[in-house]
1. Working only within the range 5-29, note down all residues that are surrounded by 11 or more Cβ atoms within 10 Å (Cβ to Cβ) and of a type in the set (D, E, K, R).
2. Do we find a residue being within 15 Å of ASP106 (Cβ to Cβ) and not β-branched (Val, Ile, Thr) anywhere in the range 48-59?
3. Checking the condition over 25 Å from PHE110 (Cα atoms) and not β-branched (Val, Ile, Thr), which residue from ALA72, ALA86 passes?
4. Within the range 24-37, is even one residue on the phi > 0 side of the Ramachandran plot and out of contact with any strand residue (DSSP E or B) (no Cβ under 9 Å at 6 or more places or on another chain)?
5. Can you tell me which residue is nearest to ASP88 (Cα to Cα) among those in the range 43-56 that are hydroxyl-bearing (Ser, Thr, Tyr) and touching a strand residue (DSSP E or B) at 6+ places or on another chain (Cβ under 8 Å)?
6. Give the residues of the range 79-111 that are among the hydroxyl-bearing types (Ser, Thr, Tyr) and over 10 Å from the mean Cα position of the chain (by Cα), sorted by residue number.
7. Quick one: which residue in SER58, SER111, SER98 is free of Cβ contacts under 8 Å to residues at least 24 places away in the same chain, out of contact with any Phe, Trp or Tyr (no Cβ under 9 Å at 6 or more places or on another chain) and of a type in the set (S, T, N, Q)?
8. List pairs: first in the range 64-79 and among the hydrophobic types (A, V, I, L, M, F, W, C), second outside any strand (DSSP E or B) and surrounded by 12 or more Cβ atoms within 10 Å (Cβ to Cβ), Cβ under 7 Å, 6+ apart or cross-chain?
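We did not get these values from a lab; they are worked out from the coordinates using the rules stated. Please read these numbers as outputs of a predicted model, since none were measured by experiment. Backbone-built Cβ (ideal geometry, glycine too); neighbour counts: all protein chains shown.
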Amino acid sequence: MPAITYTKLFEPTLISTSATEYYEVPAGNTLRAGRVRITNVTGTAATVSINAIPAAGSNADSNAVVKAYSIAANDFKDFDLPIMKAGDTLEALAGTASALTIHAIDGVLFS
């Protein structure tokens, strides 16, 4: 039977205005039920793009979870992530500097 590990995937942080990796699935694991919360901490709407990139892949429309999604001022939105295999990465980018934070709010690692 596979081992199931509940762990904090990454620390909350501001999202950069360039595509930045926020999480990589560890070797020998699969991430299921991944979920992130994007929070707009400013008084104006801001956009976010999130990609779940296959191992050795690159950021592309084909692996977009959401693209240029607008989050209202002082609001948040939760996004489900696809099942991700070892070496897959989660990248995000904000349309406005210092406007959006990303939090891992769910996810289970199976090994």
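1. Within the range 5-29, GLU21, GLU24 meet the criteria.
2. Quick first cut of the range 48-59, residues within 15 Å of ASP106 (Cβ to Cβ) only: 50, 52.
Then drop every residue that is not not β-branched (Val, Ile, Thr), which leaves 52.
Yes, that holds for at least one residue.
3. On the way: ALA86 fails: over 25 Å from PHE110 (Cα atoms).
Only one candidate qualifies: ALA72.
4. Initial filter on the range 24-37 (on the phi > 0 side of the Ramachandran plot): 28, 33.
Restricting the remaining residues to those that are out of contact with any strand residue (DSSP E or B) (no Cβ under 9 Å at 6 or more places or on another chain) gives 28.
Looking through the range 24-37, at least one residue is on the phi > 0 side of the Ramachandran plot and out of contact with any strand residue (DSSP E or B) (no Cβ under 9 Å at 6 or more places or on another chain).
5. Initially, the range 43-56 is screened for residues hydroxyl-bearing (Ser, Thr, Tyr), giving 44, 47, 49.
Going one step further and asking which of them are touching a strand residue (DSSP E or B) at 6+ places or on another chain (Cβ under 8 Å), we end up with 47, 49.
Working: THR47: 23, SER49: 17 Å.
Checking each candidate, the answer is SER49.
6. Of the range 79-111, the ones among the hydroxyl-bearing types (Ser, Thr, Tyr) are 89, 96, 98, 101, 111.
Scanning the range 79-111 gives THR96, SER98, THR101, SER111.
7. Values: SER111 fails: free of Cβ contacts under 8 Å to residues at least 24 places away in the same chain; SER98 fails: free of Cβ contacts under 8 Å to residues at least 24 places away in the same chain.
After applying the criteria, what remains is SER58.
8. Taking only residues 6 or more apart or on different chains, the pairs are VAL65/LEU81; ALA68/GLY95; ILE71/ALA45; ALA72/ALA45; ALA73/THR42; ALA73/ALA45.
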